[in-house]
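The structure appears right after this line, and notes come after that.
Derivation of every value follows stated rules applied to the coordinates shown; laboratory data play no part. Note that this is a predicted model, so its numbers are computed, not measured. All Cβ positions, glycine included, derive from the backbone under ideal geometry; neighbour counts span all protein chains shown.
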Amino acid sequence: MAPGGTRAGHGATALAMPGRTCRSCGRAAASPFGSSSAAPRTDRCLRRRALAPRGREDDGVNLVERAEGFGVTVAGDKAALDAATSAPLLGLFADSHADYESDRPGEEPSLADMTRKAIEVLSQNENGFYLEIEAGRVDHANHAGNAKRAMTDGKLFADAIALADELTDDEDTLIIVTADHEHAIAMNGYCGRGTPIDGLCYDVAKEGIMHSDELVKASDGKPYTVVGYLNGVGSVIAEQADGTFAAPEGRPELTQEQAQDLDYVQQALIPKDSESHSGVDVALYAKGPWSHLFDGTIEQNVIFHVMNYAVNPQ
Ligand SMILES: [Zn+2]
């Protein structure tokens, strides 16, 4: 579970810049892109931002206006993005990261919205195109130990991939889906079928297919979530008044409702301010021209299907 990208097209060019609307901005200041009187909503927001981040001094250059001067269409929200008809197109929906999908306001385009528009305008290039789409907030949610938002944004990424696949032709478009790294995240096993992946582990049923309604208890007598992290802010080892780290009460007790809350931070082992990346292998999936050159990593469950097909070819 890590940030990923899908690459489509048979030429080169890039678009789709995820962003976040700046509903919270309210102080006059310099924008990293400069100011503009006739700018889209985002640029107005950018103008109201507080002190420009380090390395983004206000040198009086308005990058949005400069872009427009070169014939670039600038979109500041979903409506403007929808109205755009051709490239070059620059989407500036915030001056920082996009919202998590769970928190995204209606005026902010989703990753799928940006994917649709990017393919729509880039497809007009008779030489083809290159498009990279990243669901970068998956990474941030993992760093925060907030598996639910990581999953929700992961689903958003899957939606964008499905749309890209729908809007392109396997005959002339190579689509690659992969990630640039993994996180220190893992899934506990032996949960009964139907256990919510964003919640506590239910026991395997003694009869029937679905899980029993009993929560699986660890050796400390407490339930545990399906998904957890090896390190992060959710560490069960907390800093004590004397500055040492310990877990005098053991792990926190949890209800299913608490575990499935959008803001729930998973339990972790090693205390860290931000959960880390990891060295675990990531998968790569591809379709289209030359995709057969990608080989060697498959989902574990595929093993069953291959073996089953081998013995039952009909
Ligand atoms: Zn990261």
*Volume per residue, Å³, of the convex hull around the alpha-carbon atoms of the range 197-236?*
85 Å³
*Tally the DSSP beta bridges in the range 183-279 and give the antiparallel ones as a percent, rounded to 5.*
70 percent
*Rank by packing, highest mean first: peptides 138-151, 233-246, with packing defined as the count of other Cβ atoms within 10 Å averaged across residues.*
138-151, 233-246
*Check cross-link reach from LYS206 to the lysines: straight Cα distance under 18 Å, and skip same-chain residues fewer than eight apart.*
LYS217
*Give me the compactness ratio for the range 134-225, meaning the Cα radius of gyration over 2.2 N^0.38 Å.*
1.44
*Euclidean distance between Cα centres, the range 88-115 to the range 218-283, Å*: 31 Å
*Packing-based order for 88-95, 107-114, using average beta carbon neighbours within 10 Å, highest first*: 88-95, 107-114
*For the range 183-279, restrict the atom set to alpha-carbon positions and state the Rg and Dmax in Å.*
14.6, 52
_Can you give the local net charge around SER235? Use residues other than it whose beta-carbon is closer than 15 angstrom to its beta-carbon, Lys and Arg +1, Asp and Glu -1._
-2
*By per-residue mean of other Cβ atoms within 10 Å, what is the highest-first order of 224-230, 170-176, 66-72?*
224-230, 170-176, 66-72
_Positive dipole terminus of the range 178-314, leading residue within HIS183, HIS292, LEU269 (C-beta point charges)_ = HIS292
